[in-house]
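Everything below concerns the one structure shown next.
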Amino acid sequence: VQLQASGGGLVQAGGSLRLSCAASGRTFSSVSKGWFRQAPGKEREFVAAISGSGGGTLYADSVKGRCTLSRDNAKNTVYLQMSSLKPEDTAVYSCAIARYTLATARARDYDYWGQGTQVTVSS
């Protein structure tokens with residue numbers, strides 16, 4: 001199983017980015033997928049998660065209203081649209097696949113992790 005995250009980059013504050021996470025090796029259409037991020041010197045933190053059906057989403061308070069998570073089960077891919085980016089959003093963003101159907105914010109619920117993509121927001 002491999003998770004390939006992409007879409008990161010350097011953007012000015014107030015800008016937007018769309019992160020993608022493509023899974024390969026098996027189909028994960030029925031389980032939750034999520035995004036976490038880790039900034040230098042900080043603990044990894046939850047960003048967003050989407051349920052297996054795509055009908056339920058969870059967002060961290062820090063990104064609520066600025067991020068939208070969606071999934072395309074036919075492509076085995078999940079997308080994180082981020083807007084109104086802030087310098088404090090700078091981090092490595094990693095996607096993960098959970099063992100449950102419902103969206104979950106707990107890192108221990110995730111079995112598979114991708115390498116991550118760097119997001120840098122300049123002020």
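The values are calculated or read from the model by the stated rules, or taken from the named source; none is laboratory data. Predicted model only: the values in this text are computed from it and were never measured. Here the Cβ positions follow ideal geometry from the backbone for every residue, glycine too, while neighbour counts run over all protein chains shown. Just the protein is used for accessible areas: all its heavy atoms, side chains included, with ligands, DNA and RNA removed. Shrake-Rupley method; radii C 1.70, N 1.55, O 1.52, S 1.80 Å.
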**OP:** Give the carbon-plus-sulfur fraction of the accessible surface of the chain in %, rounded to a whole number; probe 1.4 Å, heavy atoms of protein chains only.
**Re:** 46 percent
**OP:** Using only the Cα atoms of segment 41-104, build the gyration tensor, take square roots of its eigenvalues as a ≥ b ≥ c, and label the shape rounded, prolate or oblate: rounded if a/c is under 1.5, else prolate if a/b is larger than b/c, else oblate.
**Re:** prolate
**OP:** Send over the semi-axes of the chain's equivalent ellipsoid, whole angstrom and largest first, taken as the square roots of 5 times the C-alpha gyration tensor eigenvalues.
**Re:** 22, 14, 14
Original post:
With a Cα-only, solvent-free Debye model of segment 1-73, what are the log10 I(q)/I(0) values at q = 0.14, 0.15, 0.26 Å⁻¹?
Top reply: -0.50, -0.58, -1.44
**OP:** Any chance you could look up the accessible area of Arg18 with a 1.4 Å probe, heavy atoms only, rounded to 10 Å²?
**Re:** 130 Å²
**OP:** Report the net charge of residues surrounding Ser6, where surrounding means a beta-carbon distance below 14 angstrom and charges are Lys +1, Arg +1, Asp -1, Glu -1.
**Re:** +2
Subject >> Three-way shape label, segment 75-123, alpha-carbon gyration tensor, a/c 1.5 >> reply: prolate
Original post:
What is the set of long-range amide H partners of Gly15 at a cut-off below 5 Å, with H atoms built 1.01 Å from backbone N?
Top reply: Leu85
